[in-house]
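The values are calculated or read from the model by the stated rules, or taken from the named source; none is laboratory data. Source: prediction; values computed, not measured. Here the Cβ positions follow ideal geometry from the backbone for every residue, glycine too, while neighbour counts run over all protein chains shown.
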Amino acid sequence: MENRAAHTKGTGFVALKFFVTREFGFDGWKKLLGAFPAQERVKLELPTSNDWYELGLWQRCLEQLQALFGANHPEIIDRFAAFEAERDLHTVQRLFLRMMNPAAVVEKVGEYWNRFCDFGQWEVTRLPKGATAVLRDYPLPHALYCRELAGYFKRTLELVGARNVRVEHRSCRARGDETCAFEGTWS
């Protein structure tokens, strides 16, 4: 499993371009692009939502976001994850999802996962005032990617009406655990 290629849709890349440009201007985007070799830079310059990209390239983008802008903004990955969730959940979807239990929303995210990633499966277990989501068959463990996922889940839960949301990354493949497990709680 570790050696197979894993891919993700370009929606994250498009969001990253908008985020970096909004936060750091076009010069910030050029700075991020400049951190990549020419072959990868060509793929990143004009990302498209429907194209598939290597997961490793996405993880390197998160590394560069952290390396280039994290010194002055240590929470940069969390801020980007929240921005990404806000872009993905449009106002109409938020209104519809507010009628659901937040745990059901986490289940829906798990169901939609393979429309955007060609790897992994989510197992969601509902808890009183919470849910546990476990990602299995994740071939390229990466701590910043997991941090992005935790931030995305947190903001998604907030957007659908959950209050006092906390998301903890209970286990992580990047730390040597068998799975990546996230536990979200809210009131």
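Yes or no: Asp51 within 23 Å of Cys117 (Cβ to Cβ), surrounded by fewer than 16 Cβ atoms within 10 Å (Cβ to Cβ) and modelled with pLDDT of 95 or more? Considered against the rule, which asks whether it is within 23 Å of Cys117 (Cβ to Cβ), surrounded by fewer than 16 Cβ atoms within 10 Å (Cβ to Cβ) and modelled with pLDDT of 95 or more, Asp51 comes out as yes. Scanning region 3-51 for residues that are farther than 20 Å from Gly70 by Cα, free of Cβ contacts under 8 Å to residues at least 12 places away in the same chain and of a type in the set (Lys, Arg) yields one hit, Arg41. Scanning region 48-90 for residues that are under 16 Å from the mean Cα position of the chain (by Cα), among the aromatic types (Phe, Trp, Tyr) and within 12 Å of Leu16 (Cβ to Cβ) turns up Tyr53, Trp58, Phe80, Phe83. When you look at Phe24, is it closer than 14 Å to Tyr152 by Cβ, in a helix (DSSP H, G or I), among the aromatic types (Phe, Trp, Tyr) and out of contact with any Asp or Glu (no Cβ under 6 Å at 6 or more places or on another chain), yes or no? No; evaluated as a whole, the condition is false for this residue. Of all the listed residues (Ala131, Ala162), the sole one being in contact with a helix residue (DSSP H, G or I) (Cβ under 7 Å, 6 or more places away or on another chain) and in a strand (DSSP E or B) is Ala131.
Among the residues making up region 115-128, those that are assigned to a loop (DSSP other than H, G, I, E, B) and surrounded by 14 or more Cβ atoms within 10 Å (Cβ to Cβ) are Asp118, Phe119, Gly120. Scanning region 114-157 for residues that are of a type in the set (A, V, I, L, M) and under 12 Å from Phe182 (Cα atoms) returns Val124, Ala131, Ala133, Val134, Leu135, Leu149, Ala150. What are the residue pairs meeting all of these: first residue in region 52-72, first residue closer than 15 Å to Gly120 by Cβ, second residue aliphatic (A, V, I, L, M) and assigned to a helix (DSSP H, G or I), Cβ atoms under 8 Å, and 6 or more apart or on different chains? If the second residue must be aliphatic (A, V, I, L, M) and assigned to a helix (DSSP H, G or I), the pairs left are Gln59/Leu144. Within region 81-96, none of the residues are modelled with pLDDT of 95 or more, in a loop (DSSP other than H, G, I, E, B) and either touching a Lys or Arg at 6+ places or on another chain (Cβ under 9 Å) or not assigned by TED's automatic domain parsing to the domain that holds Leu144 (or both).
Among Trp122, Trp113, which is the only one that is free of Cβ contacts under 8 Å to residues at least 40 places away in the same chain, closer than 29 Å to Thr21 by Cα and touching a strand residue (DSSP E or B) at 6+ places or on another chain (Cβ under 9 Å)? After ruling out the rest, the residue left standing is Trp113. Applying the condition of being over 18 Å from the mean Cα position of the chain (by Cα) and in a loop (DSSP other than H, G, I, E, B) to region 172-186 and asking which residue is surrounded by the most Cβ atoms within 10 Å (Cβ to Cβ) yields Trp186.
Checked against the criterion of being buried (at least 19 other Cβ atoms within 10 Å of the Cβ), within 20 Å of Glu148 (Cβ to Cβ) and small (Gly, Ala, Ser), the candidates Ala85, Ala67 yield just one match: Ala85.
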